[in-house]
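The values are calculated or read from the model by the stated rules, or taken from the named source; none is laboratory data. Quantities reported herein were computed from a predicted structural model and do not represent experimental measurements. Cβ placement follows ideal geometry from the backbone for every residue including glycine, while neighbour counts extend to all protein chains displayed. Just the protein is used for accessible areas: all its heavy atoms, side chains included, with ligands, DNA and RNA removed. Shrake-Rupley method; radii C 1.70, N 1.55, O 1.52, S 1.80 Å.
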Amino acid sequence: MLEATYKFFTSVRLAVVLLACGLILVFWGTIAQVKLGLYQAQNEFFRSLFIYWHPAGSSLRIPIFPGGYLVGGLLLVNLFAAHLRYYKPGLKRLGIAMIHLGVVLLLLGQFATDMLSTESYMRIREGSYSNFSESNSRWELAVVDVSGATDDKVVAIPESLLAKGGELAHPEMPFKLRVKTYFVNSDLRGQPFQGFEPVQADNSTGQQIWWRSLPKTTTMDTRDVPSGIVELIEPAGRSQAILVSGNLAPLQMTAGDKAYQLALRPTRYYKPFRLHLLDFRFDRYAGTDTPKNFSSRVRLERADKGEDREVTIRMNEPLRYAGETFFQADWDKTDEKGTVLQVVDNPGWLTPYFACVLVAAGMIWQFMTHLIGFAAKRKSP
Amino acid sequence: MQFPAITLAILLAQVCRAEDIKVYHVPKEASAKAGLPSGHPDTAHGHGIAASPKITYTKPEGWTEAGPGEMRVTGFNISGPNDSTAQVAVTPLADMKGKEPFIVNMWRQQVGLDELSPEAAAKELSPVDIGGDPGQIFEIAGKSPDGKAIKIVTAMANRGSTTWFYKLQGDEALVTAQKPAFVTFLKSVKIAETAAPAELPSGHPPIGGTSSPSAQPSAPMSPREGGPSWTVPAGWKEVPGGEFLFAKFTIAGDGGAQAAVNVSTSAGDGGGLLANVNRWRVMQLGLGAWSEADVLKQSKTVETVGGQATFVEMSGKDARTGQPATIIGATTTQNGQTWFYKLMGDPKLAAAQRETFTKFVKEVKY
């Protein structure tokens, strides 16, 4: 039994089947993006063990095809196992080992990118600055204590906890939170509409609001706007139901003798430095509206390291700083006086480069070994 | 062999790690958010200010700190007897110098009072000491939209190109009682540095100003390849409209009045006339929704170069600025594609542009 398992995991057939599955997966996942959108297709096809079929009208999830993690994981196991079984140490096969190690590094690097990388956006208007970026897909409920003289204390509750519902407490929060309703995507209206229900909340936004839940968005040019009702329970036992929404301004409130803000907002990533936008340029070819170049001239200010320098971020010239990469991504289209920088934090960004170098070096080694051997044979009488 | 195994273990631990509540401190000035592109879903959170200036003051007894807000650098809440409330906001705004009469009239409109002439409005102002600097103060009493008696006391002082506004607003009796404390508060204010002033919210018409329609010659153009062609009327200025608009024009009127024409398109019927008219009414003008019969009654069909277009007109308050606004909308279907034309802005300017807008829509070639 053990021998059969060992043979199965070390077989070339398994590698071929897995590579074929990978091909199908990439094709299917690419086509599925039309219906599901990029993020959902990535999650369902590539960041999963299986692709599931959901029969209509049922909550069943039936696995019908291996997902990206399963295919990649099995390939990794196959690679290791085959290496153990077939590899014989020696300079002659060093190239093979390097190629395999490169592929392993590539697989692990991609897995690390999936797990550890974050992508967010920093929006800055000319003349102003920002020291945080915001996620385009993740949200948080922020309870901000604004009573401090120099600092604000933020208690950030991730959306995943809100979506689970139930009671949330933290020693730094002046109240407990009970999530009564949470919509991952929603529509709010100031008037009754068919399909909308009146919001049953105590916070006075000055008018009755109607809302409805929406399915998660699948297009790239829109994003989910969550809403929910959270019940704030004071230590004395008093409670009030509050409407929070990504479409509403932060709620100003007091608890005890302190002032707080409650905001459902895109997840923020604060930086130990700030970028001051000096100038955004959208150059066009003379006499046309054809874009020629987008660039942001920013001043990077970091007090703790005494840094204060100017940097120009262009489309293909990102700023790499403090482990993050700032790409020129978009701009404020109303007056072209604001920039949008994509901020990518990917600890594994170097692994594909190392992997490719390893694979290339392995191939060169292997090729040269054969070439030299062949040439030596030809020389010998 | 050990390296990949350890890496895998670390990654798996990362996978299994659940997201948790985070607590962190941010410098106060960082709370003020940099401006967002218009149309971004997060614009509802408001535009922040570029930098929080170092403002110090003596807080009167009974006032509760409300912290910075959408445009203000700081604010206070005041509670009085019989559940009465009032708020104080401190807001720096750029380019407001010399527009004091306009400010007076803006607050008069807010409490349902008629506008005054610039001379009469200027007489409402009296001098006040704001942190040792000369300032001006005025007060206005009126009714809130729900009929409650309210009062607004506003003080302002110029520092460089920035005007600092201090506004006490709330239930009339409480505001009257708190005015002495407010004046004392004004005297205690110290601004350590001049900050970049707050920008008006996206889409907010410039306050004051003397811009007038530009006398640009009409120029035929087709803004995007494959789209319709039209003649841009004199005084309309094309601006980037963002990814959801096919084209956008702004129109400047007398006294800072502004309007914008948006052109958008959608496959099929674009959700239908009723849904789109109600979207304009409810979401943009704060009006009640119309029934299908209302839409039929209120709309008119006009012959155009490409066939027919349906026009509809409505007035309310701009949901983003609270200022009176008029929308003149038109829709037409061409080759299975519905085109929406929307003129929205100052009611007087919209009325003046009605004929030009209608002619523009009628003459578009698809």
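Computed over the Cα atoms, what is the radius of gyration of segment A:251-381 divided by 2.2 N^0.38 Å, N being its residue count? Don't jump to the answer; show the numbers that get you there.
Working: Rg = 25.6 Å, N = 131, 2.2 N^0.38 = 14.0 Å.
So the Cα radius of gyration is 1.83 times the expected 2.2 N^0.38 Å.
Derived from the Cα gyration tensor, the three semi-axes of the equivalent ellipsoid of segment A:279-339 are 26, 12, 10 Å, largest first.
Of B:LYS362, A:LYS88, B:LYS151, the residue with the largest accessible area leads and the full order is A:LYS88, B:LYS362, B:LYS151 (1.4 Å probe).
Shape summary: segment B:316-366 maps onto an equivalent ellipsoid whose semi-axes, from the alpha-carbon gyration tensor, are 24, 14, 5 Å in decreasing order. Here the Debye sum runs over all C-alpha atoms of segment A:72-159 as equal scatterers in vacuum, and log10 of I(q)/I(0) at q = 0.15, 0.23, 0.25 Å⁻¹ comes out as -0.77, -1.18, -1.24. For chain A, the longest principal axis of the C-alpha atoms and the axis of helix A:94-116 are separated by about 10°. In terms of accessible area, using a 1.4 Å probe and ignoring ligands and nucleic acids, A:HIS100, B:HIS25 rank largest first as B:HIS25, A:HIS100.
Averaging over every viewing direction, what projected area does the convex hull of the Cα atoms of segment A:212-275 cover, in nm²? Don't skip to the answer; put the middle values down first.
Details: hull surface 29.6 nm².
The directionally averaged projection comes out at 7.4 nm².
The mean number of Cβ atoms from other chains found within 10 Å of a Cβ in peptide A:76-84 is 1, as a whole number.
Can you tell me what percent of all Cα-Cα pairs in segment A:136-268 are more than 25 Å apart? Let's see the in-between values first.
On the way: 2186 of 8778 pairs.
Cα-Cα pairs in segment A:136-268 separated by more than 25 Å: 25 percent.
Taking every residue in A:128-135 and counting other chain Cβ atoms within 10 Å of its Cβ, the average works out to 5.
Here each label is just a point 7 Å from Cα along the line to Cβ, and for A:GLU234 and A:GLU336 those points are 5.4 nm apart. Axis angle, to the nearest 10 degrees, between helix A:68-86 and the longest C-alpha principal axis of chain A: 30 degrees. Under a GNM of chain A (C-alpha, springs under 10 Å), which listed residue has the highest mean-square fluctuation: A:GLY306, A:GLY127, A:GLY29? Maximum fluctuation in the GNM of chain A, among the listed residues, is at A:GLY306.
Evaluate peptide A:148-155: per residue, the Cβ atoms of other protein chains within 10 Å of its Cβ; return the mean as an integer.
Values: counts 6, 3, 5, 8, 10, 4, 6, 4.
If you average over the peptide's residues, the count of other-chain Cβ atoms is 6.
For A:ASP145, the solvent-accessible surface with a 1.4 Å probe is about 10 Å², rounded to the nearest 10.
How large is log10 I(q)/I(0) at q = 0.13, 0.17, 0.21, 0.22 Å⁻¹ when the Debye formula is applied to the Cα atoms of segment B:54-192, each weighted equally and without solvent? Computed log10 I(q)/I(0) values: -0.53, -0.94, -1.43, -1.53. Principal-axis analysis of the Cα atoms of chain A puts helix A:12-36 at an angle of about 30° to the longest axis. Only protein heavy atoms count here; under a 1.4 Å probe, B:ARG354 has an accessible surface of about 90 Å². Using a cutoff of 8 angstrom between alpha carbon atoms and counting only pairs six or more residues apart, the relative contact order for segment B:54-192 works out to 28 percent. Looking at chain A, the pairs of alpha carbons with a distance over 26 Å make up 68% of the total.
Measuring with a 1.4 angstrom probe and ignoring ligands and nucleic acids, A:CYS356 comes out at about 80 Å² accessible. Heavy atoms of the protein chains alone define the surface here; on that basis segment B:54-192 has 47 Å² accessible area per residue at 1.4 Å probe size.
Over the residues of chain A, the helix contribution to mean residue ellipticity at 222 nm works out to -10000 deg cm²/dmol, using -39500 (n - 2.57) for each DSSP H run of at least 4. If contacts are Cα pairs under 8 angstrom and at least 6 residues apart, what is the relative contact order of chain A in percent? In percent, rounded to a whole number, it is 18. Sorting B:76-85, A:36-45 by average packing, meaning the other beta carbons within 10 Å per residue, from highest down gives A:36-45, B:76-85. Summary value for segment A:136-268: 30 percent relative contact order, contacts being C-alpha pairs under 8 angstrom separated by 6+ residues. For segment A:211-245 and segment A:45-108, write down the distance between their C-alpha centroids in whole Å. Computed from Cα coordinates, the inter-centre distance equals 39 Å.
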